[in-house]
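Let me begin by presenting the structure, written as structure tokens, before commenting on it.
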Amino acid sequence: MSVATEAVSYAWPGSASGVRGVDLRIAPGELVAVIGPSGCGKSTLLKLIAGFLAPDSGRVLLDGRDATGVPPRRRDLGIVFQAYALFPHMTALDNVAWPLGLRGVPHAERRRRAAEMLERVGLSAHAGHRPGALSGGQQQRVALARALVFGPRALLLDEPLSALDAALRVSMRDEIRRLQQESGIATLHITHDQEEALSIADRVAVMREGRILQCAAPRELYARPATRSVAGFVGHANLWEATVLDEGSLRTPIGTVRADASGFVPGSAVAVLVRPERVRPGGAPDGVNQFPGRIARDRFLGSFRRIDLAVPGGVIVIDTASDMVPEAVHIPPDAVQVLPAD
């Protein structure tokens, strides 16, 4: 089943926050992650799709049919919240079986199906344990199993990993992706963790102030952001305001940068993006886009170093595995992206 919103808008009473004219489609079997700063409308969008909120305008479509007025219990959507919302007095097995009981599944059948789901998430040995006896990761798996046990038409995940420690988040995000692919259902994944979104999603949508700025495959979103705002939010970036001098050069605070600016009119205001991993320590053989400087900050991050190189007019951030102490860097012209000014 597909999930879609058409020009959906909602404003929280007495507040300017909400969502504004959001168009989003999640194909059957696709996982779409939504990221953005706090208060941008991510969770509001999920609640509108779930039916917990009614849009002020626009439509929610489930498998192409208008579900805007359908109550949540009749949308047949599996939902996992940040807090998991497990029943503390029930065992893991009973928690997973609970949605089947609401649907009138006979007792023996719902226990069988719940046991099968617990096996899929690797918790058969904990079927008789209550949530208080389970770790955070185990509780999250029970919540996932409960959301999937009744064969939902789609899956909605509202920051389900935010309460876990960093190492457990990595393993659990892979588990979510595995279960989602096995189930083959459309999935909306709300998260504040960019790495999480980029690593498991088929597409990632970036929201800001209630609007989707761009929705694209992770590699495309990172490599070809549509706007300065997207470029600045996704990953780390060197971003400078610039003026186009001609089709091959731009004036920036750190000096003239050579790059392909053929799509812009000379004199126009633009933004220049260079990802830190595309900056090369040392001088350029031809001297193009070479900038001398001094190290203002040097951070060891395991597999690489992140260096802030102070140059006349600003700072250039470099990600490098090299041990050298750079006194200059160069930026290959093909590493420079020219973006419209916001």
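The values are calculated or read from the model by the stated rules, or taken from the named source; none is laboratory data. Remember, it's a predicted structure, so these values are computed and weren't measured experimentally. So basically every Cβ, Gly included, is an ideal-geometry build from the backbone, and we count neighbours across all protein chains shown. Only protein heavy atoms, including side chains, enter the accessible area calculation; ligands, DNA and RNA are left aside. Shrake-Rupley method; radii C 1.70, N 1.55, O 1.52, S 1.80 Å.
The table below lists the values:
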{"read-out": "Residues of region 139-160 that turn out to be open to solvent by 40 Å² or more (accessible area, probe 1.4 Å) and of a type in the set (D, E, K, R), as a count", "value": "2"}
{"read-out": "Among the residues listed as G29, G51, G18, G78, the single one being small (G, A, S), touching a helix residue (DSSP H, G or I) at 6+ places or on another chain (Cβ under 8 Å) and under 19 Å from H192 (Cα atoms)", "value": "G18"}
{"read-out": "Neighbours by Cβ (under 6 Å, 6+ apart or cross-chain): first from region 240-255, closer than 15 Å to L273 by Cβ; second small (G, A, S) and open to solvent by less than 20 Å² (accessible area, probe 1.4 Å)", "value": "V244/A261; L250/A242; L250/A261; T252/A242"}
{"read-out": "Candidate set: region 105-120, residues that are more than 31 Å from the chain's Cα centre (by Cα) and open to solvent by less than 60 Å² (accessible area, probe 1.4 Å); chosen: the one farthest from G137 (Cα to Cα)", "value": "V105"}
{"read-out": "Answer residue from region 325-342, given it is open to solvent by 70 Å² or more (accessible area, probe 1.4 Å) and in contact with a helix residue (DSSP H, G or I) (Cβ under 9 Å, 6 or more places away or on another chain) and is modelled with the highest pLDDT among those", "value": "D334"}
{"read-out": "Test result for A163, under 19 Å from V34 (Cβ atoms), open to solvent by 40 Å² or more (accessible area, probe 1.4 Å), at pLDDT below 90 and not aromatic (F, W, Y)", "value": "yes"}
{"read-out": "Some residue of region 206-213 being of a type in the set (K, R) and modelled with pLDDT of 90 or more", "value": "yes"}
{"read-out": "The listed residue being open to solvent by less than 20 Å² (accessible area, probe 1.4 Å), hydrophobic (A, V, I, L, M, F, W, C) and farther than 23 Å from L168 by Cβ, out of L123, L100", "value": "L100"}
{"read-out": "Tally of residues being open to solvent by less than 50 Å² (accessible area, probe 1.4 Å), modelled with pLDDT of 95 or more and either of a type outside the set (A, V, I, L, M) or not in a strand (DSSP E or B) (or both) across region 274-292", "value": "5"}
{"read-out": "Residues being of a type outside the set (S, T, N, Q), touching a residue at least 60 places away in the same chain (Cβ under 8 Å) and open to solvent by less than 40 Å² (accessible area, probe 1.4 Å) - total across region 215-233", "value": "2"}
{"read-out": "Scope region 319-342; condition in a strand (DSSP E or B) and over 24 Å from the mean Cα position of the chain (by Cα); matching residues", "value": "T320, A328, V329, H330"}
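Okay, residues lined up against (1) surrounded by fewer than 20 Cβ atoms within 10 Å (Cβ to Cβ); (2) of a type in the set (S, T, Y); (3) at pLDDT 95 or above; (4) touching a strand residue (DSSP E or B) at 6+ places or on another chain (Cβ under 8 Å):
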| position | (1), (2), (3), (4) |
| --- | --- |
| G14 | yes, no, no, no |
| S17 | yes, yes, no, yes |
| L61 | yes, no, yes, yes |
| G69 | yes, no, no, no |
| A83 | yes, no, no, no |
| M90 | yes, no, no, no |
